[in-house]
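Notes follow once the structure below has been shown.
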C-alpha cells in the first residue's frame, strides 16, 4: 500500500511535528517513508506544510501534487490546497478556524474536527496537531495507533517526554471526533 | 544490517562524512544546508576533530585547502551564493591537485535568489565554476540514503584522483527525511598521500602549489589534469535506469526531480505509455555513452530540470543528433516544484507527438 498525506497550517501549529510523528511510526513498522517539509523564512505565522508518503515498496516522489488526504489547520491552507485533493480523497479540516462553505468539492469527503476546541478542553491549545494526527489515523490506516505512541518518544525531544500521556489523550480525542463525524 | 534511522538528507551527508573519516570541517552558515555544520559542530570535537565556523565562505574554502595540503580528510559545505564565493579556492585546489569535499545544497538564484529547491547551479558545478579550465567530479544524490553513501564515495574519489569533489543537492534532498541505513565505509585501496606537507624537519621538502612558471611546465600540468579527466570518464561514471529497456520515450533528470519523474513514469506505464528513466548520478563525468545508447534506442529523450535548461545541453551533445531531445524545465523559486501529475501531463504530450 502507498499512502500520501499533506498537512498544512501556519507556523507554530505543529504541522511539521505531526508529519514527523507519523513518519517515525511508519519507520517503526518497517515501512518506507518520505517526509518533505516546506515552510517560509518566518518562525511563526508563515505557512507551514509537509508531505508524508508511507509505502510498503518504494516511496517514489516525495512531492505530491494531488494528495489522497489533506489535513488543514487554517483557512489559508484550505484555500491553497483544497482544490488539489485527489477526487475520492479526504479533507480533514480544523472547523474551529476553517470555513469550508466556499469550497466546491462534492467529489471528496470533508471531515470537520474542532481541533482548537478539543485541544482547549484537554487544557492546552498546543495539542491541536495531536488532535489532527488522531483524526487522520481514525480515517486512514497508514500506521497503527500503537506505533504512533511508540514514535512520540523519537519525535519529541527528551525534555518534552513528560507530555507524552497528554499527547496520547489528544490523539485519542481527535480520533473519536473524526469517527463520530464520519459516521 | 544496521538499524534504520530516520534523518534529514543534510544530516545524512554529515554522517557519511564522519564515517568516511572526515575530521575537519570549515564553513559559514546559509540556508538550506545549515543542518550540516550544526551536526558536525556537535559531533567533531568529541571525535578529536576540528569544527570551525569561519568568518566567510572565502576563508572556509582556504582552510579546507590548508587541511587537505596537510593530508587530512576535510570538507566544507554551503549553498549557491556561498559556493560562488568558494570558486576561487576550488580552482586553486584543482590546480594544486588537492582532495577535498564540497557539498552544495543549492538554492534558487541568481544573486541572493531564494531558499527554494533549484538545479540552476548545474553549469557552475560541471563546467569548472572557477577559472582555469578544470573539472571536478560532481555527484547528484536523489535520496537521503544517497546523501550518505555518495558523500562517503566523494571522499574516496577525492583521494583517488587528488581532486576536489562536489556533492550537488537541493532543499528537497537536503531537508527531506527518509530511512537511512548507515552503511560502514567501503574498503578501498587508496594511494598514500606522499605529497602532503609535514613542516620543518619532515625530510625532503614538499611543495603544494598551483603556480607553474617554468618553460612548458604549465602546459604539461594541464595535460596531466586533462588525462585525469579522461580516466574519470572511463572509470567513474554512475547512473541508474528505471524501465528504460523497452522505452519509446526516455526521461532524464538528476537529483530531486528524478524522484518526481520516476513516479510520473510509473503513472504513465499504468496508462500503457512506454516511458523509462535515465538518471545521471555523476554529472561530471557525465554518463554520455550510456545515455546516448539508451536515448538512441528510445528515439526520443525528454530532459526535466528545475531550471530553464542546462543539463539538456550535455544530453544533446551525448545523443549528437541521433535522437530527438525535448525539454521541460521550471525556473527556481517558491511553489516551482513540478508535481508527478504535472510531469505525467508533459510525458503524455511528448508521447502523443511520436
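The values are calculated or read from the model by the stated rules, or taken from the named source; none is laboratory data. This is a predicted model, so every value here is computed, not measured. All Cβ positions, glycine included, derive from the backbone under ideal geometry; neighbour counts span all protein chains shown.
Structural remarks
- Scanning segment B:135-151 for residues that are surrounded by 24 or more Cβ atoms within 10 Å (Cβ to Cβ) and either at pLDDT below 95 or under 20 Å from residue B:233 (Cα atoms) (or both) yields B:136, B:137, B:138, B:139, B:140, B:141, B:150, B:151.
- All positions within segment B:105-134 that are out of contact with any strand residue (DSSP E or B) (no Cβ under 9 Å at 6 or more places or on another chain), over 30 Å from residue B:211 (Cβ atoms) and either crowded, with 24+ Cβ neighbours inside 10 Å or in contact (Cβ under 8 Å) with a residue 60 or more places away in the chain (or both): B:109, B:113
- Segment A:3-42, residues that are out of contact with any strand residue (DSSP E or B) (no Cβ under 8 Å at 6 or more places or on another chain) and within 13 Å of chain B (Cβ to nearest Cβ): A:17, A:21, A:25, A:28, A:29, A:30, A:41, A:42
- Test for residue A:172: is it more than 16 Å from the chain's Cα centre (by Cα) and either over 24 Å from residue A:88 (Cβ atoms) or within 14 Å of another protein chain (Cβ to nearest Cβ) (or both): no
- Residue A:82 in contact (Cβ under 8 Å) with a residue 12 or more places away in the chain and more than 14 Å from chain B (Cβ to nearest Cβ): yes
- Of all residues making up segment A:51-69, the number that are more than 9 Å from chain B (Cβ to nearest Cβ) and either surrounded by fewer than 20 Cβ atoms within 10 Å (Cβ to Cβ) or modelled with pLDDT under 95 (or both): 4
- If you check B:306, B:344, B:277, B:337 for being farther than 27 Å from residue B:150 by Cα, surrounded by 18 or more Cβ atoms within 10 Å (Cβ to Cβ) and either out of contact with any strand residue (DSSP E or B) (no Cβ under 6 Å at 6 or more places or on another chain) or within 14 Å of another protein chain (Cβ to nearest Cβ) (or both), only one passes: B:344.
- Residue count, segment B:88-118 (criterion: in a strand (DSSP E or B) and touching a helix residue (DSSP H, G or I) at 6+ places or on another chain (Cβ under 7 Å)): 7
- Here the condition is being more than 14 Å from chain A (Cβ to nearest Cβ) and assigned to a strand (DSSP E or B); of B:26, B:6, it holds for B:26 alone.
- Scanning segment B:234-268 for residues that are under 15 Å from residue B:139 (Cβ atoms), away from chain A (no Cβ under 14 Å) and surrounded by fewer than 24 Cβ atoms within 10 Å (Cβ to Cβ) gives B:235, B:236, B:237, B:238, B:239.
- Selection of segment B:309-334 for residues being surrounded by 18 or more Cβ atoms within 10 Å (Cβ to Cβ), part of a loop (DSSP other than H, G, I, E, B) and modelled with pLDDT of 95 or more yields B:310, B:323.
- Considering the conditions (1) over 16 Å from residue B:100 (Cα atoms); (2) away from chain A (no Cβ under 14 Å); (3) part of a loop (DSSP other than H, G, I, E, B), residue B:208 is excluded by exactly one of them, (1).
- Test: residue B:34 is buried (at least 18 other Cβ atoms within 10 Å of the Cβ) and either within 16 Å of residue B:105 (Cβ to Cβ) or within 14 Å of another protein chain (Cβ to nearest Cβ) (or both): yes
- Enumeration of residues in segment B:232-263 that are in contact (Cβ under 8 Å) with a residue 60 or more places away in the chain, over 18 Å from the mean Cα position of the chain (by Cα) and not in a strand (DSSP E or B): B:248, B:260, B:261, B:263
Table: residues versus (1) more than 18 Å from residue A:32 (Cβ to Cβ); (2) within 14 Å of chain A (Cβ to nearest Cβ); (3) not in a loop (DSSP other than H, G, I, E, B).
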position: B:130; (1), (2), (3): yes, no, no
position: B:133; (1), (2), (3): yes, no, no
position: B:153; (1), (2), (3): yes, no, yes
position: B:168; (1), (2), (3): yes, no, yes
position: B:172; (1), (2), (3): no, yes, yes
